[in-house]
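Accompanying notes for the structure given below.
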Amino acid sequence: MPKIHVTTTINGDATEYLCEPEQTLLDVLRDELNLTGSKEGCSSGDCGACSVMVDGRLVCSCLVMGAEAEGREVETIEGMADGEALHPLQQKFIDHAALQCGVCTPGILVAAKALLEQNDDPTETEVRYWLAGNLCRCTGYDKIIRAVLDTAAEIRGA
Amino acid sequence: MPDEVKLNDMDSLNWVGTRPARPDGVDKVTGKARFGADLSLPGMLHGRVLRSPHAHAILKSIDTSKAEALPGVKAVVTRDDFNDMPSEFVPAGEMMVNYRDIVRNVMAREKVLYDGHAVAAVAATSASIARKALKLIEVDYEVLPHVIDVEEAMKPEAPLLHDDLFTVGVEPAPKKPSNIAKVVEFKLGDVEKGFGEADIIVERTFNTAPVHQGYIEPHACVASVNADGLAELWVTTQGHYVVRGHCARMLGMDISKLKVTASEIGGGFGGKTVVYLEPVALALSNKSGAPVKMVMSREEVFRASGPTSGARVYVKVGAKSDGTITAGHCELKYQAGAFQGSPVQPGAMCAFAPYDLENVDVIGYDVVSNRPKVAAYRAPGAPISEFGVECVIDEIAKKIGMDPLDIRMKNAAKEGTQAAYGPKFGPIGMISSLEQAKAHDHYSAPLGENQGRGVASGFWFNIGGETCVTMNVNEDGTVALLTGTPDIGGSRASLSMMAAEELGIDVDKVRPMIADTASLPYTFLTGGSRATFAGTTAIIHASKDAIDKMRARAAQFWDVSIDEVVWENGEARPASTNVGDFDPLSIEDIAKLANSTGGPISGRAEINVQGAGPSIGTHIVDVEVDKETGRVEILRYTVLQDAGKAVHPSYVEGQFQGGAVQGIGWALNEEYIYDDNGRLENAGFLDYRIPVASDVPMIDTVIVEVPNPVHPYGVRGVGETPIVPPMAAINAAIEQATGIRFTELPMSPPKVLKALDEAAASGGDD
Ligand code: FES
Ligand code: FES
């Protein structure tokens, strides 16, 4: 099976790669491009550890084929901080101790950022339902939810 | 018992008890932290495992020739590539494992014993070629009858998993093999007499389902073996020294030839204390001459890595009408999976441990059946036995009209209590946790319709063990802190805080690192809630070593004796004005003088830490039961637990919250479901449903601090106890909301709905 040539944009950088037809976007990010910040917890769309943005939409990269990224804009955890400056969510996750092992953290940060971009004043319930596709086995979610709500408050200047 | 130590002055602490940012925080929020599957090496191959579709079958033959002929396949291994091992038990976390069994679990030999049992493995130039190669391996199975249920497995006519397994712990020794590996018993006093004195006796039988640790990161490793036999292994594990020992034994290597590096670890909860892929990856690398990466899929994690036991638990408790418990009896039948070694022993030891009782008799059975071999899961064994006991105590309280916290208070274990499993307790936090629960506003908040409140307590021992620390004082006076316990939940933060506290320097000046197995002597794994307790104990010793050396350098520089130099606030100072008029020397100053006063400076500790103090907690939960769907909603949750002394309170709270939510999953949803052929039906997160963010409320925490007298700061382990109380607390809350006392976990919507319908049909509560 010949490989497929893909031209895309990842975290703002024009990127080209070759992928097998059966490789997912997650496989490509991790194995071909060495962007291992996105994690594979299930490869079936059930854990959210592989969350990325494609053309501004939050997706599980394990459910998107590598070839589908052609001509699109992909954003991953690696593009979240602005150089040395952490995104406010990243800082709040550290401040609130919102991670223990941290393997769910990249996916949760990408998903939470997507939420705050469309709603900077979510209720606790809205945050919980938005993040219901991102499994965390360590924290019991309490500090994650607090970190997201606190970031929203900071963004609003409250 | 180790000696009690003088407790530090807790009012003058700079770091212990504060909440600084964790040292690995930025790495983890930016995606830079490297977990098990994140390493790639030049020329690396991809390994995959062929797994049995049968629950029980004789492995008649395995033909790998077609797979080997596939272009891109570089190595195939089967049982023939591993030597058989004699029966010998070694510790893995709080459990023991047997080499004879590990080698068979890693790669099936005579038989496959569960759906998902490894049969062969390949290494190929790509993952897709490896997958294709697996399909070309021909295995001839002779399928045998199988057994899944624990009581079925105990019957004399049950299909036998191992024809050389004879029950240990019974007299006379049985002449026939069975699936019962072991019987354990703990006794105190005279239970018959105790039951005779009781005004009320309640007996119940409970069933608990096996549940998986559910770490989000699957097992993963990269192995590289050179032609000269020198090997390296990168692996996500709770204990890289333990992995090194197991792999070296199984592959017949000298320990010095194998260097193991622990990656960042994406959750373990006890499940990453054993080996699965690691010996296979080493064998594939050895055969192919190239590095080999192996990563489990989620399905493989469920089918082939350890859940904890499901069990049948019979509990009988007698009490006087004033609530005094006169006798407790418990019979525990724990599934071990395909090989012996369930956590029935710790389960039996913990069953009545929160209580001060005169008459106790606990008997436990370790039973094999055609399921994956269980692995440790957070307080292994304790949540199962304590669930049964706590439910029965709650029922007695109801029946005699006593508050459920009061009955626990009346019988609470305290300093001096003789535990049925052996020791006399030192100071412990049962009474404090109960008192603080009773005083908490949660306990008196109003409840609405279809709502109920439950409480339960939980006990776990905690452990110490072999622990090494090296503290290098760098040329500029900063400190490199090497420890050997993988950091799963933020322990590097606590460990660097303790070093900063002891040395009297800023926490930012301490850089903690997890050393590889060649850089620090043997250190036991992260388990038994020991990483912070044992790690801080070793750091206190290592700091003293470093401080003594720095005092000696100052003494040399001032030309006085070491006794005339003290260490205060991170500086060497003259012990008194009589010594001389010297300016203090800071750690930076001494680091600069190091070469002229004898060379580099480090502090070291290589110790076997003793005296972990047990941790006891009490949980309060409010639920609402939806009578239409049977769904149980957790409305409010409070954890009150003894931490001895919280080094970094945020991460202590995190342990309480995470453990409680795992317990909520155990109580309400999680279970292994097998079909008639013994195949696991729900090997994925869609059908094996762990709690998600919208399933739970905030988890309130109260850190109770009853200092552990053998630790200078009073620290106890905290990580495991929080998973013990939730199942019984939720059970009691559901009972209050519905009048129905469930005896089976999980209390999932279909089961709750069925019970509600039955109760409605019979026209009353039970
Ligand atoms: S790996 Fe994509 S959702 Fe789990
Ligand atoms: S912090 Fe470990 S899974 Fe979320």
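Could you list, in sequence order, all residues of segment B:24-67 that are away from chain A (no Cβ under 14 Å) and either without any contact (Cβ under 8 Å) to a residue 60 or more places away in the chain or in contact with a Cys (Cβ under 8 Å, 6 or more places away or on another chain) (or both)? If the condition is that a residue be away from chain A (no Cβ under 14 Å) and either without any contact (Cβ under 8 Å) to a residue 60 or more places away in the chain or in contact with a Cys (Cβ under 8 Å, 6 or more places away or on another chain) (or both), then B:65 is the only one that fits. The condition of being assigned by TED's automatic domain parsing to the domain that holds residue A:130 and away from ligand 1 (no atom under 16 Å from the Cβ) holds for residue A:95. If I ask for residues that are away from chain A (no Cβ under 14 Å) and either touching a Phe, Trp or Tyr at 6+ places or on another chain (Cβ under 7 Å) or crowded, with 24+ Cβ neighbours inside 10 Å (or both), which ones from segment B:726-743 would you list? Scanning segment B:726-743 gives B:727, B:728, B:729, B:730, B:731, B:732, B:733, B:734, B:743. The conditions of being modelled with pLDDT of 95 or more, open to solvent by less than 10 Å² (accessible area, probe 1.4 Å) and in contact with a Pro (Cβ under 7 Å, 6 or more places away or on another chain) are not met by residue B:643. Does residue A:95 meet the test of being within 11 Å of chain B (Cβ to nearest Cβ) and surrounded by fewer than 20 Cβ atoms within 10 Å (Cβ to Cβ)? Spelling it out, residue A:95 is indeed within 11 Å of chain B (Cβ to nearest Cβ) and surrounded by fewer than 20 Cβ atoms within 10 Å (Cβ to Cβ).
Please determine whether any residue of segment B:39-52 is in contact with a helix residue (DSSP H, G or I) (Cβ under 7 Å, 6 or more places away or on another chain), exposed (fewer than 14 other Cβ atoms within 10 Å of the Cβ) and assigned to a loop (DSSP other than H, G, I, E, B). Looking for residues that are in contact with a helix residue (DSSP H, G or I) (Cβ under 7 Å, 6 or more places away or on another chain), exposed (fewer than 14 other Cβ atoms within 10 Å of the Cβ) and assigned to a loop (DSSP other than H, G, I, E, B), one finds none in segment B:39-52, hence no.
Taking residues in segment B:676-702 that are more than 10 Å from chain A (Cβ to nearest Cβ) and within 19 Å of residue B:746 (Cα to Cα), and partners anywhere that are open to solvent by 20 Å² or more (accessible area, probe 1.4 Å) and among the charged types (D, E, K, R), the pairs with Cβ atoms closer than 6 Å and at least 6 places apart or on different chains are B:680/B:303; B:681/B:675; B:683/B:299; B:683/B:303. Filtered by the rule that a residue be open to solvent by 10 Å² or more (accessible area, probe 1.4 Å) and either within 14 Å of chain A (Cβ to nearest Cβ) or within 17 Å of residue B:290 (Cβ to Cβ) (or both), segment B:220-248 gives B:224, B:225, B:226, B:227, B:228, B:229, B:230, B:232, B:234.
Within segment B:408-448, the set of residues being charged (D, E, K, R) and under 27 Å from the mean Cα position of the chain (by Cα) comprises B:408, B:414, B:415, B:424. Annotation: of all residues in segment A:136-158 being touching a residue at least 12 places away in the same chain (Cβ under 8 Å), within 15 Å of ligand 2 (Cβ to nearest atom) and in a helix (DSSP H, G or I), the one that is most open to solvent (accessible area, probe 1.4 Å) is A:146. Give the residues of segment A:106-130 that are away from ligand 1 (no atom under 16 Å from the Cβ) and either closer than 23 Å to residue A:38 by Cα or part of a helix (DSSP H, G or I) (or both), sorted by residue number. Once the filter is applied, which keeps residues that are away from ligand 1 (no atom under 16 Å from the Cβ) and either closer than 23 Å to residue A:38 by Cα or part of a helix (DSSP H, G or I) (or both), segment A:106-130 yields A:113, A:115, A:116, A:117, A:118, A:124, A:125, A:126, A:127, A:128, A:129.
For the residues B:217, B:197, the requirement of being buried (at least 24 other Cβ atoms within 10 Å of the Cβ) and at pLDDT 95 or above singles out B:217.
For the residues B:710, B:715, the requirement of being touching a helix residue (DSSP H, G or I) at 6+ places or on another chain (Cβ under 8 Å) and either closer than 29 Å to residue A:126 by Cβ or assigned to a loop (DSSP other than H, G, I, E, B) (or both) singles out B:715. Taken over segment B:432-462, the criterion of being buried (at least 21 other Cβ atoms within 10 Å of the Cβ) and among the hydrophobic types (A, V, I, L, M, F, W, C) is satisfied by B:434, B:437, B:455, B:456, B:459, B:460, B:461. Output the number of the condition that residue A:73 fails; it satisfies all remaining conditions of (1) more than 16 Å from ligand 1 (Cβ to nearest atom); (2) farther than 18 Å from residue B:38 by Cβ; (3) free of Cβ contacts under 8 Å to residues at least 60 places away in the same chain. With (1) more than 16 Å from ligand 1 (Cβ to nearest atom); (2) farther than 18 Å from residue B:38 by Cβ; (3) free of Cβ contacts under 8 Å to residues at least 60 places away in the same chain applied to residue A:73, the lone miss is (3). Return yes or no: is residue A:133 touching a residue at least 60 places away in the same chain (Cβ under 8 Å), within 16 Å of ligand 1 (Cβ to nearest atom) and not polar (S, T, N, Q)? Taking the combined requirement at face value, the residue satisfies it. Within segment B:656-682, the set of residues being open to solvent by 40 Å² or more (accessible area, probe 1.4 Å) and touching a Ser or Thr at 6+ places or on another chain (Cβ under 8 Å) comprises B:669, B:671.
Within segment B:477-498, the set of residues being more than 14 Å from every other protein chain (Cβ to nearest Cβ) and outside any loop (DSSP other than H, G, I, E, B) comprises B:479, B:480, B:481, B:482, B:483, B:495, B:496, B:498. Counting only helices (runs of 4 or more DSSP H) that sit completely within segment B:277-379, those holding 1 or more residues that are in contact (Cβ under 8 Å) with a residue 60 or more places away in the chain and of a type in the set (D, E, K, R) correspond to B:278-288, B:298-304. Considering segment B:211-261, the residues that are within 16 Å of ligand 2 (Cβ to nearest atom) and assigned to a strand (DSSP E or B) include one that is nearest to residue B:42 (Cα to Cα), namely B:220. If you check residue B:367 against the conditions, is it out of contact with any Gly (no Cβ under 8 Å at 6 or more places or on another chain) and open to solvent by less than 10 Å² (accessible area, probe 1.4 Å)? In short, yes.
Taking segment A:104-135 as the range and being within 16 Å of ligand 2 (Cβ to nearest atom), among the β-branched types (Val, Ile, Thr) and either more than 13 Å from residue A:147 (Cβ to Cβ) or touching a Gly at 6+ places or on another chain (Cβ under 9 Å) (or both) as the test, the residues that pass are A:105, A:108, A:110. Listed by position, the strands (runs of 3 or more DSSP E) contained in segment A:1-82 that have at least 2 residues being open to solvent by less than 20 Å² (accessible area, probe 1.4 Å) are A:4-10, A:13-19, A:51-54. Of all the criteria given as (1) closer than 30 Å to residue B:300 by Cβ; (2) hydrophobic (A, V, I, L, M, F, W, C); (3) away from ligand 1 (no atom under 16 Å from the Cβ), the one not satisfied by residue A:89 is (1). Looking at segment A:18-40, can you tell me whether even one residue there is within 16 Å of ligand 2 (Cβ to nearest atom), modelled with pLDDT of 95 or more and out of contact with any Cys (no Cβ under 8 Å at 6 or more places or on another chain)? Yes: segment A:18-40 contains one or more residues that are within 16 Å of ligand 2 (Cβ to nearest atom), modelled with pLDDT of 95 or more and out of contact with any Cys (no Cβ under 8 Å at 6 or more places or on another chain). Please determine, by comparing only the residues of segment A:36-56 that are within 15 Å of ligand 1 (Cβ to nearest atom) and more than 8 Å from chain B (Cβ to nearest Cβ), which one is farthest from residue A:101 (Cα to Cα). The selected residue is A:54.
The values are calculated or read from the model by the stated rules, or taken from the named source; none is laboratory data. A quick note: this is a predicted structure, and the numbers were derived from the prediction, not measured. Please note: Cβ atoms are built from the backbone with ideal geometry, for glycine as well, and neighbour counts cover all protein chains shown. SASA here: full protein model, heavy atoms, side chains in, ligands and nucleic acids out. Shrake-Rupley method; radii C 1.70, N 1.55, O 1.52, S 1.80 Å.
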